[in-house]
1. Based on DSSP, what percent of beta bridges with both residues in the chain are antiparallel, to the nearest 5?
2. Give the distance, in whole Å, between the Cα centre of the range 393-412 and the Cα centre of the range 23-58.
3. Using only the alpha-carbon atoms, how far is helix 370-383 inclined from the longest principal axis of the chain? Give it as 0 to 90 degrees, nearest 10.
4. Nearest 10 degrees is fine. How inclined is helix 19-38 to the longest principal axis of the chain, computing both from alpha carbons?
5. When you take every Cα atom in the chain, what is the radius of gyration, and what is Dmax, the widest Cα pair distance, in Å?
6. For a quick check: with amide H placed at 1.01 Å from N, whose amide H comes under 5 Å from VAL135's, ignoring anything fewer than 5 positions away on the same chain?
7. In whole Hz, with x marking every Gly and Pro, tabulate ³J(HN,Hα) for the range 449-460 from phi via Karplus 6.51 cos²θ - 1.76 cosθ + 1.60, θ = phi - 60°.
8. Using 1/(1 + (r/R0)^6) with R0 = 56 angstrom and r between the beta carbons of ILE242 and ALA37, what's the FRET efficiency to the nearest 0.05?
Amino acid sequence: MQKIHVKPGAELDDYKAYGSLYSSVLDFLEKAKKPIASLNGSTIWMINSTAIGGGVAEMLPSQMRILRELGVAIEWLVIEAKDERFFDITKRIHNAIHGSGDGKFTEEDRKVFEATNTENLPEALDLINDGDIVVVHDPQPMPLAAMIKKEKKVPIVWRCHIGLEENTEVTQAVWDFLSPYTDDYDHFVFSLPSYVPKSLKQKTSIIPPAIDPLSHKNRALQLHKNIGILYQSGILDDHKAILYHRYNHLVRRVMPDGSFGTPNQNNSLHLIYRPFVTEISRWDRLKGFKELMQAFIKMKRDNREHGDPDSLEYKRIQMTLLVLAGPDPAFVSDDPEGKAVLKELTEQYQSVDAAMQNDIAILLLPLDNPKENALIVNALQRSSTIIAQNSIQEGFGLTATEAMWKRKPVLVSGAAGLKFQVVHDENGKINDDPRNIERLAETLTYMLNHPKERDKWGFNGQLRVIKNFTLFSQLIGWLDALARQKTK
């Protein structure tokens with residue numbers, strides 16, 4: 001188990017300097033006074049399975065910096081696994097909670113699951129004191145609660161970031177597998193009410209995830225900085241004025257022969273000169289990449305066959321690029337499923353004609369430097385015409401939140417976390433069925449050919465994020481939930 005050091009970053013005065021965030025900060029400071037006072041004398045211990053990548057690892061540093069500024073003692077621990085089977089099992093648990101897979105787990109799976117947590121226990125016990133508060137994130141460290149409580153008098157909260165709206169045989173099977181661990185938790189936190197299993201409803205708080213508006217992934221980028229990042233990362237190959245050197249590891253692109261090359265190797269993307277639709281996620285079948293590519297191909301073909309070549313609408317669709325971006329497999333050695341999904345997307349990309357291949361860019365983003373990765377995502381999102389999140393299932397979908405904060409119109413599926421954020425025709429479009437290729441193609445076409453509506457959706461989206469999905473609204477939920485555990 002590792003104790004994670006959180007680097008200095010934005011402080012409350014930095015957020016208050018932004019007019020759009022000023023009232024949110026003041027409201028937060030007023031509401032935070034009482035719960036913070038009740039937490040005095042306790043350390044909050046956040047425990048999860050990774051310090052890099054994923055929503056938890058992105059959200060925790062900003063939350064911790066703000067709470068520490070207000071005098072709250074909070075620390076972050078990450079479990080480690082020597083047995084490769086552990087993350088295979090927890091990935092299956094993750095998928096099953098989303099309703100994917102068969103939900104079947106064996107006693108051998110349970111032994112591996114518990115053994116890894118047992119190996120991490122001694123370091124946790126050395127650090128956690130009686131009267132502290134422990135928050136365990138997601139299934140990976142879930143067995144720790146019973147183990148810690150045998151030695152320490154502490155309330156323990158389980159925070160689940162994933163879920164499915166309906167109960168199925170698969171979800172019931174995985175919750176049955178996890179049920180021996182739930183009795184040892186004093187409280188639960190879920191992202192949406194529909195995700196909460198019936199047996200846990202009486203002890204649950206709802207805290208939607210949120211973004212840090214001043215993080216590297218979300219901070220404002222002036223035009224020259226935005227273009228500079230695209231050049232530094234290798235996405236652009238033409239840049240006249242160079243302020244910074246290129247990154248050590250550049251973005252790579254899937255080539256027509258299935259190899260990985262530079263983004264502009266066979267043909268220039270002309271990224272900043274044309275409309276483009278972007279989806280950025282990990283390579284996962286539940287993210288709907290394949291279906292989005294199919295819809296994009298259909299949109300292009302329909303335009304070729306039935307559009308008026310002299311019309312602006314025809315030319316706009318002809319010019320449009322699709323960008324599908326995810327982690328470069330060179331930096332992710334333990335994700336065989338991700339590599340398989342990338343292979344499937346590559347095969348689909350290879351099946352279309354050369355002209356269509358020129359209009360599709362599957363980009364592999366390096367992960368060696370978290371700051372650079374975040375800036376690449378930020379620059380791609382800010383340059384996009386439309387940001388899509390076509391997820392089959394989605395725990396919440398911070399990529400949509402990030403897009404709305406950047407005033408980008410979003411096209412999302414009807415997955416629970418996404419439709420919780422997006423108001424149809426107000427700050428984007430909801431295409432309920434991410435597998436309905438024809439409807440998805442029609443929606444893409446409509447959004448691309450209605451620029452004034454895109455502007456309206458983008459503006460409304462940022463307002464919705466400010467009101468509901470910044471770290472300040474999230475922190476109030478956390479402080480209230482933790483304070484209740486302290487006063488029990």
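All of the numbers you see were taken from the coordinates with simple rules; none came from a lab. What you see is a predicted model, and the numbers here were worked out from it, not measured in a lab. When we count neighbours, we look across all protein chains shown, and the Cβ atoms used for this are built from the backbone with ideal geometry, even at glycine.
1. On the way: 6 of 49 bridges.
So the antiparallel bridges in the chain amount to around 10 percent.
2. Answer, in whole Å: 23.
3. 40
4. Between helix and principal axis, roughly 20 degrees.
5. For the chain, the Cα radius of gyration and maximum Cα-Cα distance read 22.8, 75 Å.
6. Excluding prolines and chain starts, which carry no amide H, the hits are TRP45, MET46, ILE47, VAL157.
7. 9, 10, x, 5, 5, 4, 4, 4, 4, x, 4, 5
8. On the way: r = 52 Å, r/R0 = 0.92.
Calculated transfer efficiency: 0.60.
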